[in-house]
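**Student:** Have a look at this one.
Each reported figure results from applying straightforward, stated rules to the coordinates on display, with no laboratory input. Keep in mind the model is a prediction, meaning the values are calculated, not measured. Neighbour counts are summed over all protein chains in view; Cβ atoms, including those assigned to glycine, are modelled from backbone coordinates with ideal geometry.
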Number of protein chains: 2
Amino acid sequence: MKETTLKEIANTLGISITTVSKALKNYPDVSEKTRQAVLDLAKDLHYTPNSFAVNLRTKESKTIGLIIPEVMHHFFSNVINAIIDEAEKNGYLVIILQSNESIELEKKQVELLINKRVDGIIMSLSNESNFDEHIKEIINRKIPFVMFDKISKLANCSKVLIDDQKAAMSATQHLIDKGCKKIAHIRGPLNPQNAIDRYIGYKKTLDKNQIPYDPTLVYTCENVTFQEGLDFAKQIIEEHPDVDGVFAVTDLVAVGVLSYFNDHKIKVPQQVAVIGFSNWFMSQVLTPKLSTVDQPSHEMGVASFHLLLEEMNAHKENIAFAPKTLILETNIIERDSSRKS
Amino acid sequence: MKETTLKEIANTLGISITTVSKALKNYPDVSEKTRQAVLDLAKDLHYTPNSFAVNLRTKESKTIGLIIPEVMHHFFSNVINAIIDEAEKNGYLVIILQSNESIELEKKQVELLINKRVDGIIMSLSNESNFDEHIKEIINRKIPFVMFDKISKLANCSKVLIDDQKAAMSATQHLIDKGCKKIAHIRGPLNPQNAIDRYIGYKKTLDKNQIPYDPTLVYTCENVTFQEGLDFAKQIIEEHPDVDGVFAVTDLVAVGVLSYFNDHKIKVPQQVAVIGFSNWFMSQVLTPKLSTVDQPSHEMGVASFHLLLEEMNAHKENIAFAPKTLILETNIIERDSSRKS
DNA sequence: TTGTATGCGTTATCAT
DNA sequence: ATGATAACGCATACAA
């Protein structure tokens, strides 16, 4: 099955390649007769433009790159879902890479995408990354670029975020409102901004409610896993048997906590109330159903793509583009795990 | 930041483009001296080959396409995960599209990928698809092509599968071995091969155990959702209060069943034992923990890519390639939801 | 309305 | 060891 080219159509029709090209792209300066002839033949021969050649000519590939820490996390699957759908609607395809939370991999992947000459990049940082060289490289090269969720504050690029601090404050306040007096926080790793912000939100809310801050009530995940939730739940109960509330950095961790509590007959929410973060699907099918902070993953994906699209269009027209930061709203979702009163 | 080209290097060094190209690709017929000069300058200028031009010349893009029904399903996330990692290790990038179980979308996406001239396509069919035109088109064009999990039997291409019939037989037998006498089956939609095979497996096993087959015990999902599990659980209990076992086509549906049973004080497994299919992460964190059939999603992804790679290599060398079918093993995972005795 | 010429950046063949 | 030339397929400025 040989590929049909403009040349082939031109030859069989006895006209020039230029005319064929113009006819196919509906240029006004082609006679109706030749246009039809070209269109018909093109259809017959199943002509489709060779995208490699088009890419080379137009210097764009109608492809964007997406780098995220983990495809398999519910939050990110959701974002991917939104981005590829939105991209497709706008004529773009999406190449997906995952950093597995490793800055080394992430660097290579940025390089891959740059070499591939994607038209833009959307990215959520690995836990190890900050405003590192590879990020600067993207910005220096003026490649349209949007970061979402796990971002670097210092980077001068478009961002799509939630207000993690505020959301964490709501979550902590929610537990306090439910009567919790001694609240543990299972936080994310030390480096990523959103783990930091959630921790700050927790701490600020204690202050605000005149609850003394006790650093031994803060447990730090390395990998933010179910297992860590399980282990920390055990530790919390052993070290602070009087804890009556747990705020976990993520639903997955909160689910680990619930699982441990369930297995050890620790009543949730009667003895300990639990709240997670992100509103994963899973959290509503557990017993007890997990209270959580709803993070609008789908909207984040849609917004990220649209910001990128704006920047790509500006870039193409060679007009300046001022990065924008979008902060989306979050809500507390109260379910059984914190329904005390 | 202008892109460095071979021409630029050639000009500043006062040599020809050809020589530069050769030097960079370690051809033997370049003097050590010029080679070094070229390599040094290339490094200085951060030269990277323009992939658009390379694509056009070599007629390959080092990119593959992946079409799946739903990014957000745990099973598919897992496969995606495996494929993009494996692809990256072998120098390929992956464009992902989701059909949302719609044959119309799927057709468009196949077209997109063909026009994009990806080097190969990996695909899992939508519930509406069979051996349709767009699938034939891929095969006719001799584009390297692998189907996994949801396949069309008729397509003459490589496939990576499990033996759904056999797996369903084990699952049903497992319930029978646990003492179930009246087993309901919540099956998948009527069209997809794996839903059919699981249903057949269920039926065959009843026969084998001299349990009369009762069609009213078979419930058919349209969309294979949590909600359907919930609804069918209700229906099962109402229509057949003496049912003592449920085999669900997928963990998600089984989780819906468990959720309904939990809320209505129907004891699992004492009154009704439940088994799912696919071993989603979620299924081990529920109460009771869900028994299921382990489906090796990660291996399926790895195997699919490697079959595709084989075919892409053969294709490049212009040597014939005989499609292969790989059938991977499954295991019953017994957890609380079926641990009767 | 149609066609000519040129270039996008690389690779490959064939001379020198 | 080096280079001139053509080709990949398309798009566009410019001529006719």
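**Student:** With +1 on each Lys and Arg Cβ and -1 on each Asp and Glu Cβ, and nothing else charged, work out how big the dipole of chain B is about its Cα centre, in Debye to the nearest 20.
**Tutor:** Roughly 680 debye for chain B.
**Student:** Sticking with this structure for a sec: Applying 1/(1 + (r/R0)^6) with R0 = 41 Å to the Cβ-Cβ distance of B:N115 and B:N90, what FRET efficiency is obtained, to the nearest 0.05?
**Tutor:** So, using R0 = 41 Å, E works out to roughly 0.95.
**Student:** Using r as the Cβ-Cβ distance of A:K142 and B:S31, and R0 as 35 Å, what FRET efficiency do you calculate, to the nearest 0.05?
**Tutor:** 0.40
**Student:** So, one more: Once a ≥ b ≥ c are taken as the square roots of the eigenvalues of the Cα gyration tensor of the protein assembly as shown, is the result rounded (a/c under 1.5), prolate (a/b larger than b/c) or oblate (a/b not larger than b/c)?
**Tutor:** In terms of gyration-tensor shape, oblate.
**Student:** Let me ask something else. Summing +1 for each Lys or Arg and -1 for each Asp or Glu, what net charge is found among the other residues whose Cβ lies under 15 Å from the Cβ of B:I176?
**Tutor:** Net charge in that neighbourhood comes out at +3.
**Student:** Here is a follow-up. Determine the alpha carbon to alpha carbon distance for each of A:K204/A:K265; A:K62/B:K150; B:K89/B:K153; A:K2/B:K25; A:K59/A:K116 and list only those over 22 Å.
**Tutor:** Pairs exceeding 22 Å: A:K204/A:K265; A:K62/B:K150; B:K89/B:K153; A:K2/B:K25.
**Student:** I want to verify a result. In a Gaussian network model of chain A, Cα cutoff 10 Å, which of these has the top mean-square fluctuation: A:D163, A:D40, A:D132?
**Tutor:** Taking springs between Cα atoms under 10 Å, the residue moving most is A:D40.
**Student:** Once every Cα of chain B carries one equal point scatterer and solvent is ignored, give the base-10 log of I(q)/I(0) from the Debye formula at q = 0.07, 0.11, 0.14 Å⁻¹, two decimals.
**Tutor:** Values, matching the q order: -0.40, -0.76, -1.05.
**Student:** Which angle between 0 and 90 degrees, to the nearest 10, do you get for helix A:164-177 versus the longest principal axis of chain A when only C-alpha atoms count?
**Tutor:** Tilt of helix A:164-177: around 30 degrees.
**Student:** While we're here: Quick one: Cα convex hull volume of region A:136-196, Å³ per residue?
**Tutor:** Roughly 80 Å³ of hull volume per residue.
**Student:** Distances from B:E32 to the same position in the other copies: list them in nm, one decimal, shortest first, using label points 7 Å from Cα along Cα→Cβ.
**Tutor:** 7.3
**Student:** Distance from the Cα centre of region A:188-258 to that of region B:28-82, in angstrom?
**Tutor:** With region A:188-258 and region B:28-82 each reduced to a Cα centre, they are spaced 42 Å.
**Student:** At A:R339 and A:A322, where each label point lies 7 Å from the Cα along Cα→Cβ, what is the point-to-point distance in nanometres?
**Tutor:** Distance between the two pseudo-spin positions: 4.7 nm.
**Student:** Please report, in debye to the nearest 20, how large the charge dipole of the protein assembly as shown is about its Cα centre when each Lys and Arg carries +1 at its beta carbon and each Asp and Glu carries -1 there.
**Tutor:** 1000 debye
**Student:** Straight distance only, please: which aspartates and glutamates reach the Cα of B:K267 with their own Cα at less than 19 Å, same-chain residues fewer than 8 apart left out?
**Tutor:** A:D263, B:D177, B:D231, B:E238, B:E239, B:D242, B:D244, B:D251, B:E334, B:D336
**Student:** When 1/r is averaged over all different Cα pairs and the result inverted, which Kirkwood radius in Å belongs to region A:85-197?
**Tutor:** The answer is 16.0 Å.
**Student:** Percent antiparallel among DSSP beta bridges with both residues in chain B, to the nearest 5?
**Tutor:** Percentage antiparallel, nearest 5: 10.
**Student:** Further question: Take every DSSP beta bridge whose two residues both sit in the protein assembly as shown, then give the antiparallel share in percent to the nearest 5.
**Tutor:** Expressed as a percentage, antiparallel bridges in the protein assembly as shown total about 10.
**Student:** Just tell me which lysines come within less than 17 Å, Cα to Cα, of B:K208; anything on the same chain fewer than 8 places away is out.
**Tutor:** Within the straight-line cut-off, B:K208 pairs with B:K166, B:K178, B:K181, B:K182.
**Student:** Take chain B, connect every pair of alpha-carbon atoms lying under 10 Å apart with a spring to form a Gaussian network, then pick out the residue of B:V110, B:V302, B:V30 with the largest mean-square fluctuation.
**Tutor:** Residue with maximal mean-square fluctuation among B:V110, B:V302, B:V30: B:V30.
**Student:** Distances from A:K7 to the same residue in each other copy, label points 7 Å out along Cα→Cβ, in nm, shortest first?
**Tutor:** Distances to the matching label points in the other copies: 2.0 nm.
**Student:** Using bins 5 angstrom wide from zero, how does P(r) for region B:4-110 break down, in % of all Cα pairs?
**Tutor:** Calculated P(r), rounded to whole percents: 2, 10, 15, 13, 12, 10, 9, 8, 8, 7, 4, 1.
**Student:** Among the aspartates and glutamates, select those whose C-alpha is under 16 Å from the C-alpha of B:K107, and discard any that sit fewer than 8 residues away in the same chain.
**Tutor:** Of all the aspartates and glutamates, those that pass the test against B:K107 - Cα under 16 Å, at least 8 places apart if same chain - are A:D85, A:E88, B:E70, B:E128, B:D132, B:E133, B:E137.
**Student:** Between copies, how far does the label point of A:P215 sit from its twins, in nm, shortest first, when each point is 7 Å from Cα along Cα→Cβ?
**Tutor:** The projected label point of A:P215 is separated from its counterparts by 7.1 nm.
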